[in-house]
Amino acid sequence: MTTPPPVPAPVDRAPVDSAREREVVAAVPTGLLLGGRWRDADGGGVLAVDDPSTGATIAEVADASPADALDALDAVLDAQAGWAATAPRERGEVLRRAFELTVERAEDLALIMTLEMGKPLAESRGEVAYGAEFLRWFSEEAVRTYGRWSTAPDGGSRLLTMKQPVGPCLAITPWNFPLAMATRKIGPALAAGCTMILKPAAQTPLSALAFAEILREAGLPDGVLAVLPTSDAGALVEPLLADARLRKVTFTGSTGVGKRLVAQAADNLQRVSMELGGNAPFLVFADADLDAAVDGAVLAKMRNIGEACTAANRFLVHEDVAQDFARRLAERLAAMPVGRGTEPGVQVGPLITRQARDGVHALVTDAVEGGATLLTGGHHVEGPGAFYAPTVLTGVHAGARLRHEEIFGPVAPVTTFSDDAEAVSLANATEYGLVSYVFTQDLSRALRTAEQLASGMVALNRGVVSNPAAPFGGVKASGFGREGGAEGIEEYLDTKYVGIQL
Ligand code: NAP
């Protein structure tokens, strides 16, 4: 069974009561995981975790310091040789047990995620299923890393290549997919025989901590994984990247921070994988199945409240169908219930902070002041959380900020094109290149366009592209490196060549 990626879907269940919320949160470890045990931060600092739908603090976790980071590096270094020497099957079985435990505890993990991040429970369940699939996938990949034996072209020697783990890695993950972004890195690293320090986002450490406990229960040896939430990411990471014993950094987050990490890693030439921002075009050609295109648009835009690197950022629609498409999209978005993610039926949760919401609103205001028309939304939703109404805009001028910047919210700007060349040119007119969506019923147009789009991934006639069995990643300012698929484990393997005289 392949579990589908998270999609917005109505939840027809009873509201979650606050006693259950407290009980589930209270069961999450709140220390740093270091050397196989939970401990307080050096200096005893704590970090508050807030519910973005209410602003209330729901937990406090240990706030790691740079000294903790160096302790963690020592711990993963101590564990590295033993883990690399562990049989691949055994490494895979730890991941397989972690997959099973994650699925078993999906309801609790989903609730924790909704409470710390805000997305509706149905979507959190989807992310747990999606995140778990990376564990299953890489439990299978652990036993499939192959070398090569060949004869040199001049026949004078034999060439043997083998794959070996890169060594201790640092993973830095964002708040928008607090579990899946961690399993997408931990899965291949552990499968390859690497140890890892995980630094989760300050806003969403609970999912990572709960998952680390699952890995412990699944039999992960002490020291192989360290988890360090912190309120000062820059200070924590700096001594790690300054230490040549760390051999890799894998990052998912914004392009600005990614560039800084690449520069920091340059000194010690640590390997880098960068999953960065996006500005996805969503192309609808005149021959598209418009029902499918609107369904796909709702998914591509509204999944994760629009807070996804893969979110459709610019809807580029052929002029013959643009009005119809925009009207139907506006009707669908206007009908999506907004509210706390634990409430039955809610499809749009709060944005992560009020600051993020104000940023989204500033982009909408800029477009409207430049002449765009609002078909729906364009305003805050009252209440204690950072809610923003699903929004559709047409007539967005070429210079509007939201055509160039990542919106990261439930806002869909629709603009038009008149021929295929213009569609591709508009789609590629961005520094980013993560994913593009294409809707057409003409096979050669679909494949020609897919070839011409400057993005690491293309979704053809579908609104979701993520799949653990496929290589996820971007080009240009969206970064480099691939997560998932057969490619995912390669990011954690070095190739060694042995020249042999026979
Ligand atoms: P962000 O600000 O770059 O943060 C991401 C992570 O980097 C967090 O753990 C953050 O820690 C940490 N960080 C921040 N400053 C740092 C520094 N100086 N040194 C080391 N680490 C640092 O991004 P975000 O706003 O959380 O996430 C949204 C971005 O992620 C968007 O651009 C989105 O497109 C991108 N994203 C990309 C993918 C992909 O696969 N391509 C997937 C999801 C998201 P704190 O939490 O403590 O700030």
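Okay, here's what the table says:
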item: Sum of side-chain charges, PRO471 neighbourhood, beta-carbon under 9 Å (Lys, Arg +1; Asp, Glu -1); result: -1
item: Filtered GluC sites (Glu not before Pro), the stretch 408-457: DSSP coil and at most 14 other beta carbons within 10 Å; result: GLU431
item: Computed [θ] at 222 nm, helices only, for the chain once each DSSP H run of length n ≥ 4 contributes -39500 (n - 2.57); result: -12000 deg cm²/dmol
item: Placed amide H near ALA171: partners under 5 Å, 5+ positions off or other chain; result: ILE197, LEU198, LYS199, THR250
item: Placed amide H near LEU434: partners under 5 Å, 5+ positions off or other chain; result: ASN279, GLY456, VAL475
item: Exposure proxy order (Cβ contacts within 10 Å, fewest to most) of SER425, SER466; result: SER425, SER466
item: DSSP bridge pairs, the chain: antiparallel proportion in percent, nearest 5; result: 45 percent
item: Ascending count of other beta-carbon atoms within 10 Å, so fewest first, for ARG216, ARG144; result: ARG144, ARG216
item: In the stretch 101-201, chymotrypsin sites (Phe, Trp or Tyr not before Pro) in a DSSP loop with at most 16 other beta-carbon atoms within 10 Å; result: TYR146
item: Net charge contributed by nearby residues that have their C-beta within less than 9 Å of LEU363 (K/R +1, D/E -1); result: -1
item: Taking ARG148, ARG403 and counting other C-beta atoms within 10 Å, the order from fewest to most; result: ARG148, ARG403
item: Span-rule helices in the chain, defined as complete DSSP H runs reaching 27 Å or more along the axis (Cα) with Kyte mean at least -1.0; result: 66-85, 121-141
item: Built amide H within the under 5 Å cut-off of ALA412, gap 5+; result: THR391, VAL392, LEU393
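Computed from the coordinates by the stated procedures, all read-outs in this text should not be read as laboratory data. Model, not experiment: these values are computed from the prediction. Glycine also receives a Cβ, built like all others from the backbone with ideal geometry; neighbour counts cover every protein chain displayed.
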